[in-house]
Amino acid sequence: MRSPWSRTLRSPILELGQGLVEFALVLPLILLLLFGAIDLGRAVYAYNTVANAARQGARVAAVNQIQTSPDCVESKPVEDPANPHWSIKQCAVQAAVSLNVQTNDVTVSYSTPTGSTLDCSPVDVGCIAQVTVRYQFTPLTPVVSTIVGTIALTSTSQMPVERVFP
């Protein structure tokens, strides 16, 4: 003869085991979604930083056509073009220092505005300064990195040249 308690004692143990198996099956999916969301946030941050670096470089290019220098000190005016401390590429790199962008990832060009006959062979006031910053984003999550791979982030900013220097 069976005891009425034997059935009720056994049921919670089986349900606990079932919940554990379900959790084990769902946990990898939950973790993938969580780390995928973190990688998406990192990618948005990286793109925003690259866009800001391009904008910063274009802002400098509008008033200062020196492309490279050892640093970016905006508060100190460039008095000697042979010894500049404020340049397009270095200011763009400094704006993206958290991403470790290098000066060879920054491209600077000048072009004639649309519908204008202005000659921009030597840079002149009114020419369009265009700064492009490139960055290779790699997701942290190995599964996402395998699926997506490395993503090339590129941002371009344009501003008209306001003054010619030097």
Q) Which residue fluctuates the most in the chain, going by a Gaussian network model with Cα springs under 10 Å, if the choices are ARG55, ARG134, ARG42? A) ARG42
Q: Quantify, in whole percent, the carbon and sulfur part of the accessible surface of the range 101-157 (1.4 Å probe; protein heavy atoms only).
A: 54
Q) Around VAL108, what is the net charge, scoring Lys/Arg as +1 and Asp/Glu as -1 over all other residues with Cβ under 14 Å from its Cβ? A) +3
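What's the Kirkwood radius of the range 19-114 in Å, using all Cα pairs?
16.0
Hey, how much of the P(r) for the chain falls beyond 29 Å, as a percent of Cα pairs?
Working: 6198 of 13695 pairs.
Tail of P(r) above 29 Å: 45 percent of Cα pairs.
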**Q.** Magnitude of the charge dipole, the chain, Cβ model with Lys/Arg +1 and Asp/Glu -1, debye to 20
**A.** 900
Q) So, with +1 on the Cβ of K and R and -1 on the Cβ of D and E, and no other charges, what is the size of the charge dipole of the range 58-131 about its Cα centre, to the nearest 20 debye? A) 160
**Q.** the chain - percent relative contact order, Cα under 8 Å, separation 6 or more
**A.** 25
Q) Along the positive direction of the dipole of the chain (beta-carbon charges: Lys, Arg +1; Asp, Glu -1; about the Cα centre), which of PRO139, GLN65, HIS85 reaches farthest? A) PRO139
Q. When ligands, DNA and RNA are left out and all protein chains stay put, how many square angstrom of accessible area per residue does the range 98-154 have with a 1.4 Å probe?
A. 58
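The values are calculated or read from the model by the stated rules, or taken from the named source; none is laboratory data. From a predicted model like this one, the values you see are computed outputs, not experimental measurements. Here the Cβ is made from the backbone with ideal geometry for all residues, glycine too, and neighbour counts use every protein chain on show. The area values use the complete protein model at the heavy-atom level, side chains included, leaving out ligands, DNA and RNA. Shrake-Rupley method; radii C 1.70, N 1.55, O 1.52, S 1.80 Å.
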